[in-house]
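Asker: Let me give you the structure first, and then I'll get to my questions.
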Amino acid sequence: MPVYKVKVKWQKQKFDDIDLDTDEPPEVFKAQLFALSGVQPDRQKVMLKGSTLKDEGWETLKGLKNGVTLMMMGTADALPQEPVERPKFVEDMSEAELNKAMELPAGMTNLGNTCYMNATVQCLRNVPELKEVLKRFQGGLSSSGDLTAAQSITAAFRDLNGSMDSGSATITPIVLLQVLHMAFPHFAEKAEQGGFRQQLIPVPEQGKMKRFMDQFFSGELVSTMKCVESEEEEEKTSSETFFQLSCFISQDVKYMQLGLQSRLEEIITKHSPSLSRDAQYKKTSKVRRLPAYLTIQMVRFFYKEKENVNAKILKDVKFPMSLDLFDMCTSELQTKLEPIRSKFKEEEDRKVEEAQKAKEAGKRVETQDKKDIQYEAYDFPDDIGSNNSGYYELQAVLTHQGRSSSSGHYVAWVRRDADWIKCDDDKVYAVTEEDVLKLSGGGDWHCAYVLLYGPRRLEVPPPEKMET
């Protein structure tokens, strides 16, 4: 078929000498008109003497010849407008703008040996229940009295948390530091973490004042003590509350779980009333209550009398991303944990079966939007803040870099959904899960000192939908 030279009239404009090749489909001709006029091809209506060009072919356009004038109707797209806010490139962003763009948490200024406090705050901010209860706390700042001092710490932490939630700019925690110094005159950056954590939140619960930390961070151990040198001496049972479990590091401990287990069964020496002398006792401990949030301290520091220094154990001790404490629990607690553990197993089996069916059918499993996912309760109905499965997921790691407890530097590594973030005072940036697993020790790099585990959440199964 021939090629014609045609004219096209559109509104007040006229385009001359346009090639119309009837060997090409009409879409090609319309693409030329789009380049000239800005009218999208699907908006174009091209006519000649009452006939209209169709996408199916040129047969619908009657009277084609050289020099003929075609009429086109259609509205062109509006020209792109200059953005109201000029785009900013990463290299031109300030620290606050970069953190906001990457949705990173706010950093904290080091006020002189406050890296431990900063790292602890960042770890605790990874507990959503704590952030919610802080918002509801009505106490204010005060500088006198033991009770008001404790409330002042909570109020200062609440205000600091609110400031950090409101933006990504670096925060200076001067008020919290001053309140801590007033409440604990000997407070220092290397102080016991437990003392800093456990003073935080008095919470009214069912009409009574009950500290939030007791509910969500404390567990209970039950221990039996039996004299191995006297069968006649009666076995004694005792219980104690713990806010952290300690992983003692010995030559044989290569994994955190082994370090925890080693302290649950030990031989100690103490006075025997039946033998009237010191004797060996076997102490066996089991967990009777699991908290929702479990703190584990790696006991890396020991006192060297000769050098008069708290030296550090650099040994590599592996820790897991997922932790199961079922074997450390009493038989009574294990029985209570079984129902939810069975649900976890059923949900895992369902997902495996669903994935297998999808693979066989050449389809993919439809993923549920994160905001639509619902979860089962992680605590027992009659024990708020407990753990009803024994399953935990790592939420934060507080590390120490250095050779002794009186020197070095502390950093927080916190989980954000499936990602991890390193909070090194005012420097905050994304890291990988592999980076976190490298914090197990073995050299002068950051070593895990305190690990915070949170409850593993059981998803409520969504409706089974699959799509190609």
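Asker: Could you check, for segment 149-163, whether at least one of its residues is in a loop (DSSP other than H, G, I, E, B), within 23 Å of the chain's Cα centre (by Cα), modelled with pLDDT of 90 or more and charged (D, E, K, R)?
Answerer: no
Asker: Here's something else I'd like to know. Given (1) assigned to a loop (DSSP other than H, G, I, E, B); (2) crowded, with 16+ Cβ neighbours inside 10 Å; (3) among the basic types (Lys, Arg), where does Lys286 come up short, assuming only one miss?
Answerer: Exception for Lys286: condition (1).
Asker: Working carefully through the options Gly67, Gly74, find the one that is at positive phi, surrounded by 13 or more Cβ atoms within 10 Å (Cβ to Cβ), out of contact with any Ser or Thr (no Cβ under 6 Å at 6 or more places or on another chain) and at pLDDT 70 or above.
Answerer: Working: Gly67 fails: surrounded by 13 or more Cβ atoms within 10 Å (Cβ to Cβ).
Criteria check complete, one pass: Gly74.
Asker: Another one. State which residue is surrounded by the fewest Cβ atoms within 10 Å (Cβ to Cβ) when the search covers only segment 315-364 and only residues that are more than 30 Å from His400 (Cβ to Cβ) and polar (S, T, N, Q).
Answerer: Ser331
Asker: Just checking, does segment 122-137 include any residue being open to solvent by less than 20 Å² (accessible area, probe 1.4 Å), part of a helix (DSSP H, G or I), in contact with a Cys (Cβ under 7 Å, 6 or more places away or on another chain) and modelled with pLDDT of 85 or more?
Answerer: yes
Asker: Here are the criteria: (1) in contact with a Gly (Cβ under 7 Å, 6 or more places away or on another chain); (2) charged (D, E, K, R); (3) free of Cβ contacts under 8 Å to residues at least 60 places away in the same chain. Tell me which single one Glu338 does not satisfy.
Answerer: Evaluating Glu338 over (1) in contact with a Gly (Cβ under 7 Å, 6 or more places away or on another chain); (2) charged (D, E, K, R); (3) free of Cβ contacts under 8 Å to residues at least 60 places away in the same chain leaves (1) as the failure.
The values are calculated or read from the model by the stated rules, or taken from the named source; none is laboratory data. The structure presented is a predicted model; accordingly, all values stated were derived computationally and were not measured. All Cβ positions, glycine included, derive from the backbone under ideal geometry; neighbour counts span all protein chains shown. Remember, those area values only see protein heavy atoms, side chains included, never the ligands or the DNA or RNA. Shrake-Rupley method; radii C 1.70, N 1.55, O 1.52, S 1.80 Å.
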